[in-house]
Number of protein chains: 2
Amino acid sequence: MDLSGNGRRAQRVTIRDVARDAGVSVAAVSKVLREAYGVSDALRAKVRDSMERLGYRPLAAARGMRGQTYTLGVTLSDIRNPFFTDLMAGINAALERTQYQPLVGISHSTSAIEAGLIESMMDRQMDGLILVAPHLTGAPLADLARRIPIVVVGQHQPNATEFDTVNNDDELGAELVVRHLAEQSFARIAMLSLAFDRAGSVEATVNGRRETGYRRAMAGLGLKQHINVVRAAQTLREIQTTARHMLEGPNRPEALFCWTDFVALEVISVATELGLSIPDDLAVVGYDNTFLCDLAQNDLTSVDQSGETLGLQCARLLIERIKGRGEAQHFMVKPRVVVRASSQKR
Amino acid sequence: MDLSGNGRRAQRVTIRDVARDAGVSVAAVSKVLREAYGVSDALRAKVRDSMERLGYRPLAAARGMRGQTYTLGVTLSDIRNPFFTDLMAGINAALERTQYQPLVGISHSTSAIEAGLIESMMDRQMDGLILVAPHLTGAPLADLARRIPIVVVGQHQPNATEFDTVNNDDELGAELVVRHLAEQSFARIAMLSLAFDRAGSVEATVNGRRETGYRRAMAGLGLKQHINVVRAAQTLREIQTTARHMLEGPNRPEALFCWTDFVALEVISVATELGLSIPDDLAVVGYDNTFLCDLAQNDLTSVDQSGETLGLQCARLLIERIKGRGEAQHFMVKPRVVVRASSQKR
DNA sequence: AGTGCTATGTGTATCGTTCTACATTTCCAT
DNA sequence: ATGGAAATGTAGAACGATACACATAGCACT
């Protein structure tokens, strides 16, 4: 394709080559590329044709020097959680026919790595960031948002003015779960939540909201005396020992609401090992309605927050921000409970 | 930090600022940055100190114009498969203390998107690519490798000279499974594999190798007449209907070897729905030994190929290539069977 | 003192775009 | 015709790093 006769290495086609081929200036080609103002149809057609014929692709690094890179960064704390898969599917779908390319960085749940990852994405001149359930919060997050367009998903900041947020109504989701369990005439309903890694983040975090919803619903239904929230860190080991402790203890709950599916599956595992049958000895409910809930060996009731929709919204909002929108938007979907065998008395 | 008195927007600290602060030339700072030859300890210390104090971070876009971006691209076909999580953990761990940053692109199992993604990563001047179980193969893959350093994991190309590969011995893994099942005195051992999306790729693909290993082991054990390979595409729906068909049919196998855990979990689900008990009515074995195998409700025998080790090797080999190694290296680990309840006669 | 080497440091062209400022042409109302 | 605005196209200076080519200093050995 680009064997330039002499023995040299095949060079990349540049904007200059396109300009020469089309018989126009470099600036004109750049205008076509950016769909900028001041280009006639004739010129646009000529340039488009040359680009096509030469197989021209703009070099993101060079664009980044002065303008946009058309790259969006997504930070994930944990690819293990299949909910993030749905989210990514939505993001990818939304960007499919655009110039934007999403690239994912993985922070393995530690805030030090997350901070490094974000810096690293800024070094790479990303046009904007989608932060998925970030550790970063409060003022530092707002500071960051002043340096680069941001959409946060999985963290509640309804009053933030510097960035957008996308969430489902976690409080409502938890309430729906409790009401569903109460309807099945369970009363001793406990909750297995996530340990907080910093003080005062109950209001902002997903699991904090779910706890609030749980407490409120329990109180509303006159089950205040049964409120019982236990927290475990994000490791397999700790989830297992915590679950075992709850289920072996003297007052084992009738039903256990887990803050995310992943944890619910561990609970089912521990319960099975202890010889408990589900839902007769213990009802279990998760959150996120990931594809694992559907497997017959799990058959797990869960809350659907339609991750794909959330992903789509993230992408949409971020691009709007990049294009200049200044006011914050906070998107929230209504969750719904998907009932399966793990929570239905027979 | 960088409030430059006048009302202007906070500017990024550049290499020039560092040079001025340290009282040296821009070229000297660049040398320190790249750990290039010809820098005295004294100068290095001075420059490092200035960089630290000013909070300098090199801009990847600018570096990319002439040199490296210190960014490595990883293409994943499907984040749903938890095996890739382990792989990523290895890659991230290997790059932790280096300048390199891995960024992941997701191709959703379609080769068109994969091709676009790869181009897009080249546009972004990535220094090298780790292709995980790519669709791309044969001559086009070799062509690509001549344009950018590449390591391929999850595709067997032992004779490739243009790029490195990292794999486990899939043939051996399958053989070990068959031998294990035969030891448990199963004879009618079937295999559920993945449908091929192109002709002649049996030798290169992971599932193709596993099929070969399965056939060879069956033949070696005198079970030739029981060889039975069924293939299903990578969608939930098709896996389910295929599994159902196999298990409902007149000659249901005694044991079913699934090419990956994900499929094995679906099989357990379908079997459960059909009222079959595992392993009494049907033994099931998977591949990859992902964390889901450990859950008591699955308790799935699987083949461990230590994804984290593979990830480490990918990163190591790719950086070697980037630094100039020309000859290909092909890394292969030995897999081992992790026996759990799903395949043990009681 | 002269020669040749190595080690260290610098000046500056260069990478491929974007974008401002400006030149030219076209259009239209007077 | 004429003037002025609008539309279209171009030249060329950035952007922030790298790396080549070169200058200089220090040192060992004639």
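Worth a mention:
- Two-site FRET efficiency, A:R244 against B:N228, from Cβ-Cβ distance with R₀ of 41 Å, rounded to 0.05: 0.50
- Take chain A and mark each of the GluC sites (Glu not before Pro) that is in a DSSP loop with at most 14 other Cβ atoms within 10 Å; the longest unmarked stretch, sites excluded, is A:204-326.
- Computed helical MRE - 222 nm, the protein assembly as shown, DSSP H runs ≥ 4 contributing -39500 (n - 2.57), nearest 500: -13000 deg cm²/dmol
- Relative to its residue count, the protein assembly as shown spans a Cα convex hull of 193 Å³ per residue.
- In terms of accessible area, using a 1.4 Å probe and ignoring ligands and nucleic acids, B:D143, B:D164 rank largest first as B:D143, B:D164.
- Angle between chain B longest axis and helix B:206-220 axis [Cα atoms, degrees, rounded to 10]: 40
- Shortest-first nm distances, B:P158 label point to equivalent points in other copies (7 Å, Cα→Cβ): 6.3
- For peptide A:287-295, the mean count of partner chain Cβ atoms within 10 Å of a residue's Cβ comes to 3.
- Along its three principal directions, the equivalent ellipsoid of region A:162-235 from the Cα gyration tensor extends over semi-axes of 23, 15, 10 Å, largest first.
- Across region B:15-58, the mean sequence separation of Cα contacts (distance under 8 Å, 6 or more residues apart), normalised by length, yields a relative contact order of 42 percent.
- Listed residue pairs exceeding 30 Å between alpha carbons, taken from A:K323/B:K46; A:K31/B:K323; B:K224/B:K345; A:K345/B:K345; A:K46/A:K323: A:K323/B:K46; A:K31/B:K323; A:K345/B:K345
- Semi-axis lengths, Å, chain A, gyration tensor of Cα atoms, sqrt of 5 times eigenvalues: 50, 20, 18
- Here region A:15-58 is treated as an ellipsoid with the same Cα gyration tensor; its semi-axes, largest first and in whole Å, are 14, 10, 9.
- Rounded to the nearest 20 debye, dipole of the protein assembly as shown from Cβ charges on Lys, Arg, Asp, Glu: 2340
- Percentage relative contact order, chain B, counting C-alpha pairs under 8 Å, at least six apart: 18
- Cβ-derived FRET efficiency at R0 51 Å, A:T212 paired with B:R66, nearest 0.05: 0.45
- 0 to 90° range, to nearest 10: angle between helix A:236-248 axis and chain A longest Cα axis: 20
- Within a Gaussian network of chain B (alpha carbon springs, distance under 10 Å), most fluctuating of B:D17, B:D169, B:D123: B:D17
- A dipole drawn for region B:140-284 from +1 and -1 charges on Cβ atoms has a positive end, and of B:F257, B:T212, B:L282 the residue lying farthest that way is B:T212.
- Inter-copy separations for A:V26, label at 7 Å along Cα-Cβ, nm, ascending: 1.7
- Theoretical FRET efficiency, 1/(1+(r/R0)^6), r = Cβ-Cβ of A:A219 and B:E52, R0 35 Å, to 0.05: 0.10
- Sequence-distant contacts, meaning Cα pairs under 8 Å at least 6 residues apart, place the relative contact order of region B:170-304 at 24 percent.
- Rounded to the nearest 10 degrees, the inclination of helix B:307-322 to the longest alpha-carbon principal axis of chain B is 40 degrees.
- Loop sites in region A:1-106: chymotrypsin sites (Phe, Trp or Tyr not before Pro), DSSP, at most 10 other Cβ within 10 Å: A:Y37
- Separation between Cα centres of region B:110-133 and region A:54-111, rounded to whole Å: 12
- In the context of the full protein assembly, B:D294 retains an accessible surface of approximately 100 Å², using a probe radius of 1.4 Å and ignoring ligands and nucleic acids.
- Average partner coverage of A:101-109, which counts Cβ from other chains inside 10 Å: 6
- Dipole of the protein assembly as shown, positive end: most advanced residue of B:T85, A:Q297, B:I106 [Cβ charges, Cα centre]: B:I106
- When nucleic acids and ligands are ignored and a 1.4 Å probe is applied, A:I113 ends up with an accessible area of around 50 Å².
- Against the compact-protein benchmark of 2.2 N^0.38 Å, the Cα-based radius of gyration of region B:170-304 scales to 0.96.
- Peptide A:54-61, shielding by other chains (average Cβ, 10 Å cutoff): 5
- Dipole magnitude (debye, nearest 20) for region B:42-185, charges at Cβ of Lys, Arg, Asp, Glu: 1120
- Label point 7 Å beyond Cα along the C-beta direction, distances from B:R346 to other copies (nm, shortest first): 1.8
- Counting only Cβ charges, +1 for Lys and Arg and -1 for Asp and Glu, the dipole size of region A:253-346 around its Cα centre is about 600 debye.
The values are calculated or read from the model by the stated rules, or taken from the named source; none is laboratory data. Predicted model, so just to flag it, every value in this text is computed and none were measured. FYI the Cβ positions are ideal-geometry reconstructions off the backbone, even for glycines, and counts take in every protein chain you see. To get the accessible areas, we keep the full protein, side chains included, count just its heavy atoms, and leave off ligands, DNA and RNA. Shrake-Rupley method; radii C 1.70, N 1.55, O 1.52, S 1.80 Å.
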